[in-house]
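Taking it in order: structure first as structure tokens, then the write-up.
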Amino acid sequence: MARVKTPAIKNHIAKEIKTNQSVPVWVIARTNGRVRTTPSRRHWRRNRLKLKTKRFFRR
């Protein structure tokens, strides 16, 4: 990824960082352990982000 990022890509990455957090402890306690994981979790090495960069627009 480029060192200089456009503001749109930077905002998208910031949003993905925020949504990648785990379920809060109080939610696990309130649901008696039924809710432990979130389906939107993403591992940085296994799943890549779908970013629209200039590389795709050259074709």
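The numbers here are math on the coordinates, done by the rules we state, and not lab data. These figures come from a predicted structure and were not determined experimentally. Please note: Cβ atoms are built from the backbone with ideal geometry, for glycine as well, and neighbour counts cover all protein chains shown.
Rounded to two decimals, the Cα-based Rg/Rh of region 7-57, with Kirkwood Rh, is 1.14. Of the residues VAL27, PRO7, THR37, the one whose Cα sits farthest toward the positive end of the charge dipole of the chain, with +1 on the Cβ of Lys and Arg and -1 on the Cβ of Asp and Glu, is PRO7.
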